[in-house]
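Any read-out appearing in this document is the output of simple, stated calculations on the displayed coordinates, not a laboratory observation. Computed from a prediction, not measured in an experiment: that's the story for all the values here. Positions of Cβ are generated from backbone atoms using ideal geometry, with glycine treated the same way; all protein chains shown enter the neighbour counts.
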Amino acid sequence: MTLDTTRDNRRRTHFAGHDAIWLFGYGSLIWKADFPYRERRPAYIHGWVRRFWQGSHDHRGTPEAPGRVVTLVHKPGATCHGMAYRIAPEVLEPLDVREKNGYLREVVRLHFDEGDGHSAEGLVYLAGADNAAFLGDAPLDAIAEQIATAHGPSGANRDYLLHLATALKDLGVEDEHVFALAARLHEGER
Ligand code: BEZ
């Protein structure tokens with residue numbers, strides 16, 4: 001199941017004419033910044049949590065056996081920590097293609113971990129509940145089982161989860177959902 005959001009994203013011209021844009025990464029962008037950037041700073045956003053609720057039919061799974069990757073789910077009072085990148089606007093173009101399976105560019109206010117409360121408007125890729133690849137919530141054991149077994153063109157779904165868990169630990173970020181899933185994967189390997 002695919003929903004190609006590339007064209008929608010090209011029409012989302014927030015920050016048109018800007019020389020540089022802040023992009024907030026909360027998933028693979030934390031540990032896989034394979035694009036040019038001018039600056040990289042730990043940051044967080046308010047009102048969102050990271051959840052393995054988005055299906056991956058094109059990267060970490062297949063249409064027959066989708067994997068699960070993260071999206072953001074609105075939760076008042078919550079904070080989601082990640083990494084902010086200062087990028088040139090043209091860097092978004094390949095990212096739109098890479099993240100075309102349901103993710104749309106949204107504007108967020110991001111707060112920098114260091115810098116005395118400094119914040120800025122930026123973009124985040126968000127896959128909402130209304131996109132065709134959205135899988136939503138499920139028991140953690142079922143999510144872990146799906147991640148443990150799914151593979152796609154970008155590799156094993158378990159590697160995506162474990163890279164993310166390691167990157168969050170390295171940042172000193174507590175993420176109950178991600179760490180509980182990573183623990184289940186490790187338990188399954190014993
Ligand atoms: C991210 O790491 O911010 C990200 C997650 C899913 C799709 C695109 C970007």
*Scope segment 94-122; condition of a type in the set (A, V, I, L, M) and either under 23 Å from F52 (Cα atoms) or in contact with a helix residue (DSSP H, G or I) (Cβ under 7 Å, 6 or more places away or on another chain) (or both); matching residues*: L95, V97, L104, V107, V108, L110
*Can you tell me which residue within segment 43-86, out of those that are among the aliphatic types (A, V, I, L, M) and away from the ligand (no atom under 12 Å from the Cβ), is farthest from F24 (Cα to Cα)?*
A65
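Taking only segment 93-118 into account, find how many residues are among the aliphatic types (A, V, I, L, M) and either under 18 Å from A132 (Cβ atoms) or away from the ligand (no atom under 11 Å from the Cβ) (or both).
4
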_So in segment 18-42, with the set limited to residues that are in a strand (DSSP E or B) and within 11 Å of the ligand (Cβ to nearest atom), which one is surrounded by the fewest Cβ atoms within 10 Å (Cβ to Cβ)?_
G25
*asked:* Kindly evaluate D159 against the criterion of being closer than 16 Å to V69 by Cα, acidic (D, E) and out of contact with any helix residue (DSSP H, G or I) (no Cβ under 9 Å at 6 or more places or on another chain).
replied: yes
